[in-house]
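Structure first, then comments.
Any read-out appearing in this document is the output of simple, stated calculations on the displayed coordinates, not a laboratory observation. Here the structure is a predicted model, which means the values were calculated and not measured. Neighbour counts are summed over all protein chains in view; Cβ atoms, including those assigned to glycine, are modelled from backbone coordinates with ideal geometry.
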Amino acid sequence: MSQYYENYSDVENVPYWKPKGSHHFSFIVDVDTILYSEDSVVEGIKKVLEGESDNHSCYEYISHEVLFCDLIDRTDKLKSVMKLQCQSEV
């Protein structure tokens, strides 16, 4: 999880970062890497978040959670159900 900030400054080169909420990123990492090199993984995550940041918005590492499972993506089913719900409301 990361803290998401937006820059509200109206003065050039003087940032005013305002926290706007949390943001979740997902990474697939080898089990051995997370078990034996977790500190390196955290440092890598921080570098990725730096790369996602710019002068208008930025992300700050807060924490992470390790899930030992295969992801089951049901996005298509959710979209279908939501589409049917929208059609029935009309």
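For the stretch 2-89, what number of Lys pairs, 8 or more residues apart or on separate chains, have alpha-carbon atoms under 27 Å from each other? Write down the numbers at each step before the final one.
Details: K18/K46; K18/K47; K20/K46; K20/K47.
So the count works out to 4.
Under the definition of Cα pairs under 8 Å and six or more residues apart, what whole-number percent is the relative contact order of the chain? Walk me through the intermediate numbers first.
Working: 82 pairs, mean separation 27.8, N = 90.
About 31 percent, as a whole number.
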5 angstrom amide H check on S9, placed H, neighbours 5+ away: Y16
Top positive-direction residue, dipole computed over the chain with Cβ charges, set Q85, Y61, H24: Q85
Karplus-derived HN-Hα couplings along the stretch 25-32 (A = 6.51, B = -1.76, C = 1.60, θ = phi - 60°), whole Hz, x at Gly and Pro: 10, 10, 9, 9, 10, 4, 4, 4
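Suppose every K and R has +1 on its Cβ and every D and E has -1 on its Cβ; what is the size of the dipole of the stretch 12-90 about the Cα centre, in Debye to the nearest 20?
Values: 8 positive and 15 negative charges, 111 e Å.
Once rounded to the nearest 20, the dipole reads 540 debye.
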For the chain: span of alpha carbons on each principal axis (Å, largest first): 51, 44, 16
